[in-house]
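K.L.:
A single structure is presented below for examination.
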Amino acid sequence: MIEIKKLDKRYGDGNHALKGISFNIDKRLTTVIGRNGAGKTTLMRILSTQLLQSSGTVRIDGLDNITDAKEIRKKIVSIPQEASPIGYLTPMEHLKMYLCARGMSLGDSTIEASRALKELELWHARDTPADMLSGGMKRKIFVAMALAANADTIFLDEPTTGLDPLSRIEVWSAIKMLRGNIILTTHYMEEAAELSEDVIMVESGKVLARGTVESLLKRFKGMARAETSSKGAKSKYVIGNTGITYIKLSEAEKYAKAGYAIKPITLDDLFIMQGVDIES
Ligand SMILES: Nc1ncnc2c1ncn2[C@@H]1O[C@H](COP(=O)(O)OP(=O)(O)OP(=O)(O)O)[C@@H](O)[C@H]1O
Ligand SMILES: [Mg+2]
């Protein structure tokens with residue numbers, strides 16, 4: 001259980017990355033979803049004791065992120081955004097190095113590393129230098145590290161950004177095999193829908209909405225997005241040169257005939273509905 005109270009972060013240059021957010025995380029897998037600059041990494045770094053907040057409190061299983069940081073670090077794994085393996089080291093070497101650094105004996109780390117590599121189907125590639133592996137396999141090395149470390153809480157900051165759809169599915173299935181509680185960040189609604197029942201939407205350092213993906217998308221049930229760049233058209237929302245109107249699926253043909261582009265509902269629509277300028 002993670003308790004976040006009035007968490008606020010201002011960077012030295014004045015960037016106000018988190019604006020007094022409060023919520024509890026108590027599900028096995030929680031997704032923090034938001035666009036670039038929303039504050040996801042700032043939040044993850046504070047929760048994983050790598051960055052100090054400006055004010056507010058964080059408790060992880062009752063431990064304070066500042067005064068009990070050392071205790072917390074023994075119980076968590078944090079995989080940073082855009083983590084990339086060392087090219088000339090193999091998956092086995094990465095895992096053993098990581099586990100030894102966490103204080104495990106070499107013997108135990110070999111056993112745990114082997115178990116995790118087998119479980120995540122990386123065993124056949126255990127002795128291949130990371131440089132020779134695909135993007136998806138590289139990410140899986142980090143998921144394997146998290147699995148082998150047997151941590152209570154695992155933070156994954158955008159574990160699938162930049163991967164093709166198939167590699168993404170492969171990493172998802174690896175993430176599902178992790179034990180412990182997981183907090184992951186993403187840009188992708190489909191990722192949140194696939195992996196978690198609890199989605200926290202953040203934007204500009206604030207929590208916009210929270211719930212299951214179904215509950216977040218409920219207001220769009222049976223709807224589509226109609227876009228037009230025609231100046232004469234009336235639209236409820238205007239983003240740059242594009243006017244956006246939410247229509248019933250039954251109206252799609254009519255709008256298409258009138259020159260609108262009909263698009264399926266995506267995460268962007270949640271943000272647009274909340275009054276967020278998606279180009280800002
Ligand atoms: N070290 C830093 N110093 C100053 N400002 C920062 C620093 N790190 C992040 N910021 C700012 O804080 C805000 C939140 O950034 P953060 O990296 O937490 O967002 P994010 O949601 O992780 O974005 P992305 O999806 O691009 O990774 C942004 O305005 C960013 O420019
Ligand atoms: Mg980030």
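Laboratory data are not the source of any read-out in this text; all were calculated from the coordinates shown. Just so you know, these numbers come straight off a predicted model, no measurement behind them. For neighbour counting, all protein chains shown are included, and Cβ atoms are generated from backbone atoms with ideal geometry for every residue, glycine included.
K.L.:
By the gyration tensor of its Cα atoms, with a ≥ b ≥ c the square roots of the eigenvalues, what is the shape of region 93-244: rounded for a/c under 1.5, prolate for a/b over b/c, or oblate?
P.N.:
Prolate.
K.L.:
What length, rounded to one decimal in nm, is gained on full extension from E71 through to K176, with 0.36 nm per residue of separation minus their alpha-carbon distance? Each step should come with its number before you reach the end.
P.N.:
Details: separation 105, 0.36 × 105 = 37.80 nm, distance 2.59 nm.
Value of the extension gain: 35.2 nm.
K.L.:
Just want to confirm a number: the relative contact order over region 222-273, from Cα pairs under 8 angstrom separated by 6+ residues, in percent.
P.N.:
Computed value for region 222-273: 43 percent relative contact order.
K.L.:
Across the chain, how large is the tail of the calculated P(r) beyond 26 Å, expressed as a percent of all Cα pairs? Walk me through the numbers on the way to the answer.
P.N.:
Working: 19617 of 39060 pairs.
Cα-Cα pairs of the chain separated by over 26 Å account for 50 percent.
K.L.:
With Kirkwood's inverse mean 1/r over C-alpha pairs for Rh, give me the Rg to Rh ratio of region 137-187, two decimals please.
P.N.:
0.93
K.L.:
Enumerate the whole-percent occupancy of each 5 Å bin, from 0 to the last occupied one, for all C-alpha pair distances of region 1-114.
P.N.:
Going from the shortest bin to the longest, the percentages are 2, 10, 17, 19, 17, 14, 11, 7, 3, 0.
K.L.:
If packing is taken as the average number of other Cβ atoms within 10 Å across a peptide's residues, how do 166-173, 192-199 rank, most packed first?
P.N.:
Output ranking for 166-173, 192-199: 192-199, 166-173.
K.L.:
Right, something else. Just need the Rg to Rh number for region 39-84, please, alpha carbons only, Kirkwood Rh. Don't skip to the answer; put the middle values down first.
P.N.:
Details: Rg = 10.6 Å, Rh = 11.0 Å.
Using Cα coordinates only, the ratio equals 0.96.
K.L.:
Please report, for the Cα atoms of region 222-273, the Rg to one decimal and the Dmax as a whole number; what are they, in angstrom?
P.N.:
Rg and Dmax of region 222-273, Cα atoms, are 10.2, 27 Å.
K.L.:
A further question follows. Angle, helix 135-148 long axis vs. longest principal axis of the chain, Cα atoms, 0 to 90°, nearest 10?
P.N.:
With rounding to tens, the tilt is 50 degrees.
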